[in-house]
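> Here you go, one structure.
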Amino acid sequence: MSNTTAAEIPKTLKIGGEFEINRLGFGAMRITGPGIWGPPADRAEAIRTLQSLAENGVNFIDTADSYGPNVSEELIREALRPYASGLLVATKAGLTRSGPDQWMPNGKPDYLIAQAHGSLKRLGVEQIGLWQLHRIDPRTPRDAQFAAVKKLLDDGVIRHAGLSEVSVEDIKAASKVFKVASVQNRYNLVDRASEDVLDYCTQHGIAFIPWYPLAAGDLTAPGSLFDTIAKRHGASPGQIALAWLLKRSPMMLPIPGTSKVAHLKENMKAAAIVLTDEEFAALDKEGKKRG
């Protein structure tokens, strides 16, 4: 069995060719209440989780104005401002909320611009390092939404811009208006619908941020291949799922989220797990079969 060494798997990547960040980030969606609505059940623990990010090697946080709404951004400011040097807090806009688990796209240019300015204030920053269009609103001309992003860049409200839940064609179209620094699509071991998008991002140096990264379906059943590999590494199924993502592409930036310090520590240990080429290939094959 051949081995892939830890040295062969990059520990960092650059966003926008500028921000060098560790390749396991933190998704700040779960520091809100049920249905991603309202404050967290244990506010103090959510704050502690945020404050323990640095000591666990996290220097990239992904949030959005719609998480709460506003709650996630406000908690990040309360817990972490003044922000440590080298920390990149990315946020998003383009989804509105009417209640728990309710999400509606709104890509009207004036709305996107106003929301970005709102995030600026809630996060307490002079400029948003990475701002992402949460969804392309089918009811608003795509180019108008891209033009709004360009205006935010030109006005210095945001430094880099990204997209979420897009196709390769969307990325190409946006790239004619502004430089796409990141793409955030749903992707995990068993959900490979964005395989072509990931490959495109890898080829063009665009950070690929997979949301819902820990899903593994029924692959983790006792006695399964997944279970066997996890036990071989003395790891949890979630850690193996993250290790597989990290090995899949050097531009992959998983953002597992939690509101508990213990779970954060467990997730971050995945960065030290190095799957062999055979383990990776076996998981890849099984994931495609189940997806």
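The values are calculated or read from the model by the stated rules, or taken from the named source; none is laboratory data. What you see is a predicted model; the values in this text were computed from it and never measured. Glycine also receives a Cβ, built like all others from the backbone with ideal geometry; neighbour counts cover every protein chain displayed. For the accessible areas, the whole protein counts, side chains as well, though only heavy atoms, and no ligand, DNA or RNA atoms are used. Shrake-Rupley method; radii C 1.70, N 1.55, O 1.52, S 1.80 Å.
> Among (1) farther than 21 Å from L264 by Cβ; (2) surrounded by 22 or more Cβ atoms within 10 Å (Cβ to Cβ), where does G17 come up short?
(2)
> Oh, and also: Could you check how many residues of the stretch 207-228 are without any contact (Cβ under 8 Å) to a residue 24 or more places away in the chain and either among the β-branched types (V, I, T) or buried (at least 18 other Cβ atoms within 10 Å of the Cβ) (or both)?
Looking only at that region, the number is 2.
> Quick one: would you say L214 is of a type outside the set (S, T, N, Q), out of contact with any Lys or Arg (no Cβ under 7 Å at 6 or more places or on another chain) and not in a helix (DSSP H, G or I)?
Against the criterion (of a type outside the set (S, T, N, Q), out of contact with any Lys or Arg (no Cβ under 7 Å at 6 or more places or on another chain) and not in a helix (DSSP H, G or I)), L214 qualifies.
> Given K289, K231, K260, K285, which one is closer than 21 Å to G25 by Cβ, out of contact with any Leu (no Cβ under 8 Å at 6 or more places or on another chain) and open to solvent by 10 Å² or more (accessible area, probe 1.4 Å)?
Being closer than 21 Å to G25 by Cβ, out of contact with any Leu (no Cβ under 8 Å at 6 or more places or on another chain) and open to solvent by 10 Å² or more (accessible area, probe 1.4 Å) holds for just one of K289, K231, K260, K285, which is K260.
> Can you pull out every residue in the stretch 199-240 that is among the aliphatic types (A, V, I, L, M) and more than 15 Å from the chain's Cα centre (by Cα)?
Result: A216, L219, A221, L225, I229, A230, A235, I240.
> Criterion first (under 25 Å from A241 (Cβ atoms) and open to solvent by 50 Å² or more (accessible area, probe 1.4 Å)) does Q203 satisfy it?
yes
> Going by what's in this entry, would E55 be described as acidic (D, E), open to solvent by less than 30 Å² (accessible area, probe 1.4 Å) and more than 18 Å from G16 (Cβ to Cβ)?
When the stated conditions are applied, E55 does not pass them.
> Among the numbered criteria (1) part of a helix (DSSP H, G or I); (2) within 17 Å of Y187 (Cα to Cα); (3) not β-branched (V, I, T), which single criterion is violated by G257?
Against the list (1) part of a helix (DSSP H, G or I); (2) within 17 Å of Y187 (Cα to Cα); (3) not β-branched (V, I, T), G257 comes up short only on (1).
> For the stretch 234-248, how many residues are open to solvent by less than 10 Å² (accessible area, probe 1.4 Å) and over 19 Å from L264 (Cβ atoms)?
So the answer is 1.
> Then there is this: Among the residues of the stretch 132-166, which ones are aliphatic (A, V, I, L, M) and either open to solvent by less than 20 Å² (accessible area, probe 1.4 Å) or within 22 Å of F19 (Cβ to Cβ) (or both)?
Within the stretch 132-166, L133, A148, V149, L152, L153, V157, I158, A161, L163, V166 qualify.
> If you don't mind, another one. Scanning the stretch 84-110 for residues that are among the hydroxyl-bearing types (S, T, Y) and touching a strand residue (DSSP E or B) at 6+ places or on another chain (Cβ under 8 Å), which turns out surrounded by the fewest Cβ atoms within 10 Å (Cβ to Cβ)?
Only one residue tops the list, namely S98.
> Let me ask something else. Go through the stretch 59-83 and report how many residues are under 15 Å from the mean Cα position of the chain (by Cα) and open to solvent by 10 Å² or more (accessible area, probe 1.4 Å).
So the answer is 2.
> Cβ-Cβ below 9 Å, separation at least six or inter-chain, first residue in the stretch 177-201 and touching a residue at least 60 places away in the same chain (Cβ under 8 Å) and closer than 20 Å to T91 by Cβ, second among the acidic types (D, E) and open to solvent by 30 Å² or more (accessible area, probe 1.4 Å): which pairs?
A181/E18; Q184/E165
> Check whether at least one residue in the stretch 42-55 is assigned to a strand (DSSP E or B) and either closer than 23 Å to A148 by Cβ or among the hydrophobic types (A, V, I, L, M, F, W, C) (or both), and report yes or no.
Taking every residue of the stretch 42-55 in turn, none turns out to be assigned to a strand (DSSP E or B) and either closer than 23 Å to A148 by Cβ or among the hydrophobic types (A, V, I, L, M, F, W, C) (or both).
> Which residues, taken from the stretch 77-106, are within 24 Å of K151 (Cα to Cα), part of a loop (DSSP other than H, G, I, E, B) and in contact (Cβ under 8 Å) with a residue 40 or more places away in the chain?
Residue satisfying the conditions is G94 alone.
> Next up: Looking only at residues that are outside any strand (DSSP E or B) and open to solvent by 40 Å² or more (accessible area, probe 1.4 Å) in the stretch 178-194, which one is modelled with the lowest pLDDT?
Going through the qualifying residues, I end up with A193.
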